[in-house]
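J.: Pasting in a structure now, in structure tokens, and then I'll have a few things to ask.
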Amino acid sequence: MRLSIFSALSVFGLGLIGADAVNNVYIDPSKDLVCLILPPPGKLIGDTQTIGHVQCTDGKPQMLPSNFFMTKQFKTTADYVQAWGIMDPKAVGMLANDGGGQYDIHKDSGINAAPGYPVFVELLEPDSGRWCIRFCHKLDKTCNMGKSSAGCEGALGITEWSAAPATASTSNKTTAAAASKAATTTSISHTSTAPSATSAAAPNTTTAADSKNSNSASKTTVGSIASLAMMAGAYALFF
């Protein structure tokens with residue numbers, strides 16, 4: 001009797017340990033909720049697939065930091081529901097040069113489950129910054145678990161990748177800088193083509209000087225004629 005009770009407690013204990021070890025993943029588009037299985041910080045996914053852990057955007061069981069997602073999209077069809085986007089692998093300690101890996105319901109990737117679905121496929125690509133997870137209603141090729149090295153595009157056929165906010169921000173800054181440069185160039189162009197105040201005034205100053213010299217010349221000529229006339233008159237008086 002004691003042995004039976006001990007055996008029952010042992011089995012129950014093992015059951016609890018097993019339940020705790022299960023990685024339950026799920027997403028909820030209506031709540032912008034995503035749970036992902038992640039590798040231990042600083043470790044390659046392929047080397048640690050059986051000891052991954054779950055992090056979620058709602059903090060249960062662990063918080064998935066908001067700066068992890070650079071973009072996040074959801075899609076629901078009659079066959080599956082999925083989430084995917086661009087990530088910052090450093091936000092959760094993943095190695096940036098990691099070629100990536102896959103988590104699914106196979107035991108070689110840990111004890112994982114997707115409540116409400118018979119199958120799911122999650123792929124992480126730290127070196128390209130891509131992540132994706134799909135939950136399917138049937139065990140078929142819609143959730144293809146046989147293309148772990150093909151990435152999100154090859155395994156799940158995802159081809160739509162939105163630009164990251166940081167990239168968009170950089171693009172905006174570049175555009176603004178270009179616009180500023182263009183404005184400066186235009187301003188410089190206008191400044192160089194338009195005559196300066198000094199240059200514009202120069203022709204008028206020169207003309208005034210010419211006019212003054214002309215007047216002086218005229219006065220000199222008249223003065224000379226008058227002097228000759230006076231000399232002629234004096235000559236007539238004496239001779």
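The values are calculated or read from the model by the stated rules, or taken from the named source; none is laboratory data. Note that the structure is a prediction, hence the values are computed from the model and not measured. No Cβ is skipped: glycine too gets one built from the backbone with ideal geometry, and neighbour counts run over all protein chains shown.
J.: So the check is Cβ under 7 Å with 6+ separation or different chains; which pairs have a first residue in region 140-160 that's touching a residue at least 60 places away in the same chain (Cβ under 8 Å) and a second one that's of a type in the set (Phe, Trp, Tyr) and crowded, with 19+ Cβ neighbours inside 10 Å?
T.: Listed by first residue and then by second, the contacts come to Thr142/Tyr80; Cys143/Tyr80; Cys143/Phe120; Cys152/Trp84; Ile158/Trp84.
J.: Would it be correct to say that Pro126 is touching a residue at least 12 places away in the same chain (Cβ under 8 Å) and buried (at least 21 other Cβ atoms within 10 Å of the Cβ)?
T.: Judged against the criteria, Pro126 is a match.
J.: Condition check: closer than 21 Å to Ile158 by Cβ and at pLDDT 95 or above. Does Val54 satisfy that?
T.: Against the criterion (closer than 21 Å to Ile158 by Cβ and at pLDDT 95 or above), Val54 does not qualify.
J.: Moving on. Would it be correct to say that Leu44 is within 21 Å of Ser149 (Cβ to Cβ) and in the same structural domain as Lys147 (by TED's automatic domain parsing)?
T.: Yes: the conditions hold for Leu44.
J.: Which residues, counting only those in region 78-93, are closer than 23 Å to Asn144 by Cβ and in a loop (DSSP other than H, G, I, E, B)?
T.: Ala78, Asp79 - these are the residues of region 78-93 that are closer than 23 Å to Asn144 by Cβ and in a loop (DSSP other than H, G, I, E, B).
J.: While we're here: Is it true that Lys75 is surrounded by fewer than 16 Cβ atoms within 10 Å (Cβ to Cβ) and in a strand (DSSP E or B)?
T.: So Lys75 passes the test.
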